[in-house]
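Have a look at the structure below, then the notes.
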Amino acid sequence: MPEAPSGQVRRREPVYAGAMDRTQLALLALLAGVIIGGSLSAVIVASLRARDKVRAHTSLDIPEGVREVLHGMDDAAVVIDASFTVLAASSAALPFSLTEGSALPTGDLREVARTVRTSDAPATSTLRLQRGAPPAEPRLVVVRASRISPRLTLLVIRDITERERVQQMRRDFVANTSHELKTPVGAVSLLAEAIESAADDPPQVRIFAARLTAEASRLALLTSRIMNLSRLQSADELTEERVVSVDEIVASAVEAHAILADSAGVEVVRGGTRGMYVRGDAQVLGEAVGNLVANAIAYSPKGSSVGVGVKVVDGVVEIAVADRGIGIAEGDQDRVFERFYRADQARSRRTGGSGLGLSIVKHAVQRHGGEVVLWSRPGRGSTFTIRLPQSDAPPDQVQPKPKRKRNKPRQSAAKAPRAVSTNGDTV
């Protein structure tokens with residue numbers, strides 16, 4: 001390395017790592033940008049989540065598809081908000097006064113909704129809610145509440161009134177049947193013992209035997225009616241359904257109780273429209289009309305009459321059985337169709353009534369798509385009317401119009417035949 005001239009001082013230049021320093025600065029800047037960008041992104045995501053959470057807590061928008069599900073439900077169902085206002089409702093909720101925009105009508109429903117809002121698990125409660133106008137009886141319902149969102153709650157209301165009523169009817173039927181069967185069974189047992197103890201006294205034996213026969217007949221009648229009622233309640237379809245003549249039904253019922261009417265001194269009078277037809281089981285309908293005729297005879301005073309009339313009103317055949325007996329008090333008219341219910345206990349004991357006749361009538365007519373209507377006034381008598389849908393006459397019963405015949409000699413009155421209808425009445 002050459003030396004500097006004498007008298008001159010050599011100057012040393014500083015050494016810089018310029019290239020390396022610029023690279024490090026760029027990396028540091030990139031790292032700082034990533035850190036700042038990540039922090040900003042995290043802040044933005046957190047703020048968005050917080051906003052969505054706030055919206056979820058404050059939103060009243062019903063999730064998609066919920067309204068469609070509500071409209072397809074058979075049970076009453078509503079979606080309510082935090083203020084217990086109905087936001088969406090099924091069509092079955094209308095009878096319970098649950099309409100969109102209205103508030104929950106009872107405090108019990110609010111309590112169920114309040115309970116599920118404070119917990120994540122669904123809540124269930126059994127309540128009584130008014131369905132329809134105030135005269136209507138309260139309905140027994142099961143309410144199930146579930147959370148849809150923090151501010152929305154789903155209430156599903158299932159009406160179990162009929163189910164509970166059927167179960168209660170079954171329990172009452174078993175209890176009443178057991179109670180009613182005890183009387184004739186006990187009487188048969190006691191009379192059998194009396195006959196055995198009076199074996200050496202023929203007159204007493206005959207008396208006890210007659211009473212034993214009467215109790216056995218009563219037991220057989222009660223058992224038969226219980227079986228008939230059970231069959232009507234349990235069978236899904238009528239086994240012998242066909243087009244039946246109303247004249248045939250009425251005639252069989254009247255003829256079956258002709259001896260009873262004669263012994264009671266009561267006249268049974270027929271009237272009304274002839275040639276009507278209904279669809280159903282002739283035996284079941286005949287028994288239903290016969291039960292009404294038997295009741296009318298049993299509750300009519302001696303020397304009075306029982307009327308059986310038929311008419312057609314707007315495509316409905318009405319078979320009315322009227323008597324002029326003691327009548328039924330207004331408080332008992334809603335219960336006379338119950339099993340084993342007797343409006344007059346003393347008369348029922350004398351006549352041997354089982355309390356099942358009108359119940360059989362009610363279920364038999366209901367199985368045929370009809371109804372039984374009662375009109376009664378104490379001291380003026382009662383009228384039971386069976387209303388059934390009218391049916392067209394079968395083809396083999398439709399008679400063509402008679403043709404006019406000319407120059408035909410008229411038979412004498414003595415030789416003219418008497419036309420007799422199928423029910424035995426001369427026409």
(request) Looking only at segment 292-313, count how many residues are in contact (Cβ under 8 Å) with a residue 60 or more places away in the chain and assigned to a helix (DSSP H, G or I). (result) 4
(message) Among the listed residues Gly327, Gly307, identify the single one that is assigned by TED's automatic domain parsing to the domain that holds Asp392, surrounded by 18 or more Cβ atoms within 10 Å (Cβ to Cβ) and either basic (Lys, Arg) or at pLDDT 90 or above (or both).
(response) Gly307
(message) Anything in segment 314-326 that is in a strand (DSSP E or B) and either hydrophobic (A, V, I, L, M, F, W, C) or under 19 Å from Glu255 (Cα atoms) (or both)? List them, or say none.
(response) Val316, Val317, Ile319, Ala320, Val321, Ala322, Asp323
(request) Test Glu267 against the stated conditions and say whether it is acidic (Asp, Glu), surrounded by 12 or more Cβ atoms within 10 Å (Cβ to Cβ), modelled with pLDDT of 75 or more and closer than 30 Å to Arg367 by Cβ. (result) no
(request) Give the number of residues within segment 66-101 that are under 28 Å from the mean Cα position of the chain (by Cα), polar (S, T, N, Q) and exposed (fewer than 15 other Cβ atoms within 10 Å of the Cβ). (result) 2
(request) Inspect segment 69-88 for any residue being over 17 Å from Ala145 (Cα atoms), at pLDDT 80 or above and polar (S, T, N, Q) and give the result as yes or no. (result) no
(request) Could you look through segment 276-291, keep only residues that are at pLDDT below 90 and assigned to a strand (DSSP E or B), and pick out the one that is surrounded by the fewest Cβ atoms within 10 Å (Cβ to Cβ)? (result) Arg279
(message) I'd like to verify a number: residues in segment 68-85 that are within 15 Å of Glu111 (Cα to Cα) and free of Cβ contacts under 8 Å to residues at least 40 places away in the same chain, how many?
(response) 3
(request) Scan segment 251-266 residue by residue and report those that are touching a helix residue (DSSP H, G or I) at 6+ places or on another chain (Cβ under 8 Å) and either assigned to a helix (DSSP H, G or I) or among the basic types (Lys, Arg) (or both). (result) Ser252, Ala253, Val254, Ala256, Leu260, Ala261, Ala264
(message) Taking the conditions exactly as written (at pLDDT below 80 and either touching a strand residue (DSSP E or B) at 6+ places or on another chain (Cβ under 9 Å) or among the hydrophobic types (A, V, I, L, M, F, W, C) (or both)), does Leu25 satisfy them or not?
(response) yes
(request) Note down all Cβ pairs under 6 Å where the first residue falls in segment 244-255 and is of a type in the set (S, T, N, Q), the second is part of a helix (DSSP H, G or I), and they're at least six residues apart or on different chains. (result) Ser252/Gly286
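The values are calculated or read from the model by the stated rules, or taken from the named source; none is laboratory data. Computed from a prediction, not measured in an experiment: that's the story for all the values here. Ideal geometry is used to build each Cβ from the backbone, glycine not excepted, and the neighbour counts take in all protein chains shown.
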